[in-house]
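What follows is calculated from the coordinates using simple rules that are stated; it is not laboratory data. No experiment lies behind these values; they were computed from the predicted model shown. Heads up, the Cβs are rebuilt from the backbone with ideal geometry, glycines too, and the neighbour counts pull from every protein chain shown.
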Ligand SMILES: [Zn+2]
């Protein structure tokens, strides 16, 4: 650790109260994208905060919630982009919170509030890292771009278009994403890839109204029809049967698979958490992590007919299923949608309507990218531990919209740990994680 790093670290520790106050201020402003509650006020607050830190910024209108871009000119030519979002998940169920979700509670070692981790605390941590660098060096070694959207928790429907339309403003050589966290044992981790997603509704409408089931020998049943369509999609070993579904799947390298071997055991946790004794296809041990390279077809919900107590003898007129496909590199949700439509049509299910609710593309950063190395080195200095590298995670994010479109590496060091309760009651961050995560980001800025 050089002298500069010591000065950076001291600055962050000395000024921690200011940043706790800023997290509290942001989290006191509700900003639930699924209901719209408070999002515009929160966007304005983000702009105010950036300005207070001396960062010029613009609040852009979109077809959805505002997007904010802040920029700071540095001494070097390179530009580092921070992606964060100011919207949050709905706070319900409220009765499980130990303090109200939008009235942040600060204890000796943590801040409890909806958004404390996901993702307002992480944004403030980046402001703190920027302050620490400016205080230490008096200028930035590289340019910084802050990109904040307000629809991440609703599938980020507008970010890709925004990035395409504002390429000049956003142009960067690397990006720091959100959602970073320590794994069990306080081991730093980086997830270098996300899966894509195609989220659809399948709708069957067979009759104007439900009918008496005494007509079941002559009237069509929407539930049966949709069941048969769904049953076409997968075999008993979970292989997806849509022709061409696997065409663009890029096989993981041995290096990518082996990277998972350093990660802690997943099996025991999953067994306890979900109360199951067998995984799909009997997978166990490390295979549970390798299996993230398998794309999925998941029924997220199914509804038709009578589901109340006792009997009601009807033939359902309508049926609906929600289905999500998690896609791996280099699958394309639009290609999968075309193949699914064709498959349903040739099998006599032209009348099953497909309603697209969301789509995202997969994205990965190569494990040997210099930004990955720099981030892991900075992590080692701060935590004294090697960084666990995960080449792909199970979920999806709009990383493709920034990393894929600009063809730049994306990494996600952050301020979380394994039990932040993001999206759940009693979401919180540990103050020590805020301090360490900020020290790591400051090092990345100083050496980028
Ligand atoms: Zn988030």
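Some observations on this one:
- Kirkwood Rh (inverse of mean 1/r, distinct Cα pairs), the range 3-82, angstrom: 14.9 Å
- Sequence-distant contacts, meaning Cα pairs under 8 Å at least 6 residues apart, place the relative contact order of the chain at 26 percent.
- Segment residue 405..residue 355, full-extension length gain: 15.4 nm, with 0.36 nm per residue of separation and the alpha-carbon distance subtracted.
- Sum of -39500 (n - 2.57) over DSSP H runs of 4+, divided by residues of the chain (222 nm, nearest 500): -9000 deg cm²/dmol
- With Cα atoms, 0 to 90° folded angle of helix 39-52 axis to the chain main axis: 20 degrees
- Cα centroid separation - the range 397-441 against the range 353-372, whole Å: 16 Å
- Fraction of antiparallel bridges per DSSP, the chain only, in percent to nearest 5: 75 percent
- Build a GNM of the chain with springs between Cα atoms under 10 Å apart, and of 377, 255, 13 the one that fluctuates most is 255.
- Packing-based ranking of 233-245, 67-79 yields 67-79, 233-245, ordered from highest to lowest mean Cβ neighbour count within 10 Å.
- The value obtained for the range 177-295, namely the Cα convex hull volume divided by the number of residues, is 205 Å³ per residue.
- Reciprocal of mean inverse Cα separation for the chain (Kirkwood radius, Å): 23.7 Å
- Viscosity 1.306 mPa s, temperature 10 °C, Stokes-Einstein D of the range 250-289 from Kirkwood C-alpha radius, µm²/s: 141 µm²/s
- Degrees, to the nearest 10: 222-231 long Cα axis against longest axis of the chain: 60 degrees
- When Rg and the Kirkwood Rh are both derived from Cα coordinates, the Rg/Rh ratio for the range 313-361 amounts to 1.06.
- Fewest neighbouring Cβ atoms within 10 Å first, the residues 361, 418 line up as 418, 361.
- Alpha-carbon radius of gyration plus Dmax, which is the widest Cα pair, for the range 107-186 in Å: 15.5, 44
- In terms of packing, defined here as the mean over residues of other Cβ atoms within 10 angstrom, the peptides 341-351, 324-334 line up highest first as 324-334, 341-351.
- Calculated log₁₀ intensity ratio I(q)/I(0) where the Debye formula runs over C-alpha points of the range 1-154, q = 0.14, 0.20 Å⁻¹: -0.71, -1.25
- The range 260-301 and the range 79-127 have their alpha-carbon centroids 29 Å apart.
- Relative to the longest principal axis of the Cα atoms of the chain, the long axis of helix 431-447 makes an angle of roughly 70 degrees.
- The range 356-404, relative contact order in percent, only Cα pairs under 8 angstrom and at least six apart counted: 54 percent
- Most fluctuating residue given options 407, 21, 168, as computed from a GNM of the chain linking Cα atoms under 10 Å: 168
- Residues considered: 20, 299, 276. Largest GNM mean-square fluctuation over the chain, using C-alpha springs under 10 Å, is found at 276.
- Here the range 315-335 and the range 129-171 have alpha carbon centers that stand 32 Å from each other.
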